[in-house]
Each structure stands twice: as structure tokens, then as C-alpha cells.
Amino acid sequence: MATFYHVRNASVLFLWVLISAGCVWGRPVTFLQDFRVTWADSHITRIDQGRAIQLRLDKNSGCGFASKKKYMFGRVSMKIKLVPGDSAGTLKSDKDNVRDELDFEFLGNRAGQPYTVQTNIYVHGKGDREQRINLWFDPSADFHTYSILWNHHHIVFYVDDFPIRVYKNNEGRGVPYPKMQAMGVYSSLWDGDKWATRGGLEKIDWSKAPFYADFKEFDIEGCEVPGAANCASNPRNWWEGPAYQALNAIEARRYRWVRMNHVIYDYCRDKSRDPITPPECLAAI
């Protein structure tokens, strides 16, 4: 799911939703129910009896957390409030070279300019499927919901109720699709100013540290791994239902609006990097 930061003090925070390899029914939970600190516990503050957390980045350290369990298919969402001002952020995986991974990466902004969100998809260890959009609101002014839906039909990245990216299951056309590995949810806040914002041109102003990113309303709905053997293949899971097999009319209209007005980079169109169009792009994904 998402990454956060602060600027010219380019702090970097990234929330990365990885669904790689009994059903879990979604409900907003406290942080410690579904998550654990992965590093720098001193830089993560529990708020509102653990229903929210605040991540801190200073010159000494960033911090990170991850889900306690892994899941096959489902949906993960969180509300996140970014750090105001110039910023930089990113996502990263610590899995092996055959990992599956779904990334939300916040690449930061210059003061007065839109915030940039990058998504990426790794399947069977192959990534390089970056797309970037400029957000149409200030994500540091209030909380917004960042979600990923993953089922047998498609993967959809959402910002609030707006789909910003769709990756369809086109295995029948020879396009790889993640469905063999369970995934966990990971997030970090760290210094990524060497490359994240404007290719590393924006640097952190440490005089404005510490930098903070806020998270709340943690919600994971999916099949736990290990868990019930038939959960992931059960067509009665709500996320596999007809309403979630394709975008509805309102979502499709919002998706077209995002693609027409806010996409600033799409690997499918980058002929300098891929002279031969990737197969999933030919498949209209």
C-alpha cells in the first residue's frame, strides 16, 4: 500500500503492499493487532490507544513496520497523512529474486508543486512496471485512503475512491500474473533524497527535522497464509464477487479522468527504455 516523507527536507516514507506468498474479514484494527515494528521502534509513536501511529524520520534514523501475517488475494487499505512541504519517498522490497510485489511509492514534491505517487508491480521477480501520477490534492493537509485490491481478475490501486491503476489478469495472452505467493504489508519512512524527488535533485533540509507521517484505520481483508487451504480459491470471497471483477461505471469514469489528467509517466510508453512494447501493454493493461 504507500510511502511518505518531508522536504527540502526530503524525508522518505514508503508504504509497500506486498502480497507474495481461513479468511480474514476486514475491520479497522489497532496497529499491534495486525502489524509489528520491523526497525527503530523508538521512532514509531502509538496514538489513540494504538488505533493510529506516527512515524518519525530524523538524521539518526527512519523506521518501518510490517504485517504479522501474509495473505493470498484480498484488499489492504490505510489512511495516511503525508508530511507537508518539499518531500521525497519510496518503496522497496527485501524479498528474493522471484518475489511478487505491489508498490505504492511516494516520490515527493517541490514546494508548491503536486505530490507524485509511483506504483510498480513485480511478478515472478520481474518489476520495471512503473507508472507515476500527480495527486490532485494536498496529501499533507488531511488523511486519504490508499488501497490495493488483488483478486483472480485484476489488481487495482486506489487513492480514496479513485482507481489510479489497473493490472488485469491476462495469463491467457502470456502475461504473468501474481497468484502463487502470499504477500505481506510493509511500510518504511527513510531518507531517499539521493534519487526519489526529481531524480535526487531535491535534498533534505535536516534543520527542519524531525519529519512525520501518520497512519490510521489499518484494514487487511484476505486469506491468511498459512490458513484454510481452500480460502484463496474460494469464489465466494467478497473480493472475487462480480462487483469486483471489473471497474463499475463510476470507477471507470474516474479512472479515465486520472489517466487523462494526472499520469506523468507510464513505462508502457517509454520507448527509450523498452523499444519493444511489453506484452501487458499490448494487452491493454
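Here are a few things to note about the model shown:
- Comparison of ASP48, ASP41 shows that the only residue that is modelled with pLDDT of 50 or more, at positive phi and open to solvent by 30 Å² or more (accessible area, probe 1.4 Å) is ASP48.
- The requirement of being open to solvent by less than 20 Å² (accessible area, probe 1.4 Å), in a loop (DSSP other than H, G, I, E, B), modelled with pLDDT of 90 or more and not aromatic (Phe, Trp, Tyr) is fulfilled nowhere in region 208-222; no residue meets it.
- Number of the condition not met by CYS231 [criteria: (1) closer than 23 Å to LYS81 by Cα; (2) crowded, with 16+ Cβ neighbours inside 10 Å]: (1)
- Considering region 245-276, and only residues there that are within 22 Å of the chain's Cα centre (by Cα) and among the β-branched types (Val, Ile, Thr), the residue that is farthest from VAL159 (Cα to Cα) turns out to be ILE264.
- Selection from region 159-169 of residues that are surrounded by fewer than 21 Cβ atoms within 10 Å (Cβ to Cβ) and closer than 19 Å to TYR122 by Cβ: VAL166, LYS168, ASN169
- The residue that is surrounded by the fewest Cβ atoms within 10 Å (Cβ to Cβ), among those in region 113-155 that are within 19 Å of CYS268 (Cα to Cα) and small (Gly, Ala, Ser), is GLY125.
The values are calculated or read from the model by the stated rules, or taken from the named source; none is laboratory data. This structure is a prediction, so every number in the text was calculated from the model and none was measured. A quick note on method: Cβ atoms are made from the backbone with ideal geometry, for glycine too, and the neighbour counts reach across all protein chains shown. Side chains included, ligands, DNA and RNA excluded: accessible areas come from the protein's heavy atoms. Shrake-Rupley method; radii C 1.70, N 1.55, O 1.52, S 1.80 Å.
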